[in-house]
Amino acid sequence: MKWFREIFLKSFEDCKGRRITVKQANIFIKYLPERYDSVGFNATYYNGIINNRKIIVQESDVCCGHGYRQEYFLTIKTK
């Protein structure tokens, strides 16, 4: 958790809906305490408050030519 708070999280500025990689998303998801599914929108949200920053990761199923793929979006707001 120390590495996440002091290095990884600090490398991200406040943002809204920033697209992130699967690898980055997996790191956030590992440390965010809450998860909820969106009804009817094919999305899952992970969120929490860490270092006085509200963090939300959105995992969305996106239709592509051969089915679906997952894309990840990040929102961070300093309180």
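The values are calculated or read from the model by the stated rules, or taken from the named source; none is laboratory data. On a predicted model such as this, the values are computed, not experimentally measured, just so you know. Because the Cβ atoms are built from the backbone with ideal geometry, glycine has one as well, and the counts that use them run over all protein chains shown. Heads up: the accessible areas ignore ligands, DNA and RNA and are worked out on the full protein's heavy atoms, side chains in. Shrake-Rupley method; radii C 1.70, N 1.55, O 1.52, S 1.80 Å.
The set of residues in the range 32-70 that are of a type in the set (Phe, Trp, Tyr), open to solvent by less than 50 Å² (accessible area, probe 1.4 Å) and not in a strand (DSSP E or B) is empty. Select from the range 38-69 the residues that are of a type outside the set (A, V, I, L, M) and under 16 Å from Arg18 (Cβ atoms) and write down the one among them that is farthest from the chain's Cα centre (by Cα). Looking at residues that are of a type outside the set (A, V, I, L, M) and under 16 Å from Arg18 (Cβ atoms), I get Arg53.
Condition test on Leu9, is it of a type outside the set (S, T, N, Q), open to solvent by less than 20 Å² (accessible area, probe 1.4 Å) and free of Cβ contacts under 8 Å to residues at least 40 places away in the same chain? For Leu9, the condition - of a type outside the set (S, T, N, Q), open to solvent by less than 20 Å² (accessible area, probe 1.4 Å) and free of Cβ contacts under 8 Å to residues at least 40 places away in the same chain - is not met. Just one of (1) modelled with pLDDT of 95 or more; (2) farther than 29 Å from Tyr68 by Cβ; (3) open to solvent by 100 Å² or more (accessible area, probe 1.4 Å) fails for Arg19. It is (2). Please verify whether Asn42 is at pLDDT 95 or above and not acidic (Asp, Glu), treating the condition exactly as stated. When the stated conditions are applied, Asn42 does not pass them.
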